[in-house]
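For reference, the structure discussed in these notes is given below.
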Amino acid sequence: METTDKDGQEPEHFEMKPRDIAYQLLIEHSKQVKPLVKNGMYETINQAIVEEIYKDYDNQEFKTYKQWQRESQQVKKGEMGFPLWGAPKNVEKDLEKEEIQKLDKSENEKPYYPIAYTFSNAQVEPKIKEVEVPEVPIEMPDLDYHDQEFLNEELDTTLTDFDYIREQASEPEISNDLER
């Protein structure tokens, strides 16, 4: 990465963009796992990076944002993705027009690997579908004094029965198997 401006002068304050930081990090990770890919432990650099560097106790499964969405999972707000190499794209080198004409087209193109971000299972949560619950008006029947008294007596009896059942359940059972 070049740290000079258009005139070839070093800028007074140079700050890397997050994309550039991720790119440099990915290059370092790739260098670390390249021997494992060459030895046949892994088929791809991305697979080796995930298995050897990103995976840990909490982070076991890695997918893109869209893949998690298809599984009804939402990436938690503020989570940072794990960078991996994206599918290569062909980009023409910066060459003068005369040089381009001299070179074969295949020599003029070089692959460019963009950064793709993945998220782990620890960074997602199930999508919650908001369901609108319609308001249902409750109509109270017109009760006269005798009906209200009857309902109050039934309620008191039910509560008394409930209290009795709760007391029975909370008392420890004494075993009759004890002999002295």
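Looking across the range 16-43 at every residue that is among the β-branched types (Val, Ile, Thr) and touching a helix residue (DSSP H, G or I) at 6+ places or on another chain (Cβ under 7 Å), the one that is farthest from Pro83 (Cα to Cα) is identified as Val37.
Can you find even one residue in the range 88-106 that is in contact with a strand residue (DSSP E or B) (Cβ under 9 Å, 6 or more places away or on another chain) and modelled with pLDDT of 85 or more? No, every residue in the range 88-106 fails to be in contact with a strand residue (DSSP E or B) (Cβ under 9 Å, 6 or more places away or on another chain) and modelled with pLDDT of 85 or more. Scoring Gln60 on the criteria (1) more than 30 Å from Lys129 (Cα to Cα); (2) part of a loop (DSSP other than H, G, I, E, B) leaves a single failure, condition (1). Of the listed requirements (1) closer than 18 Å to Met80 by Cβ; (2) within 18 Å of the chain's Cα centre (by Cα), Glu51 misses just one: (1).
The values are calculated or read from the model by the stated rules, or taken from the named source; none is laboratory data. Being a predicted model, the structure only gives us computed values, none of them experimental. Backbone-built Cβ (ideal geometry, glycine too); neighbour counts: all protein chains shown.
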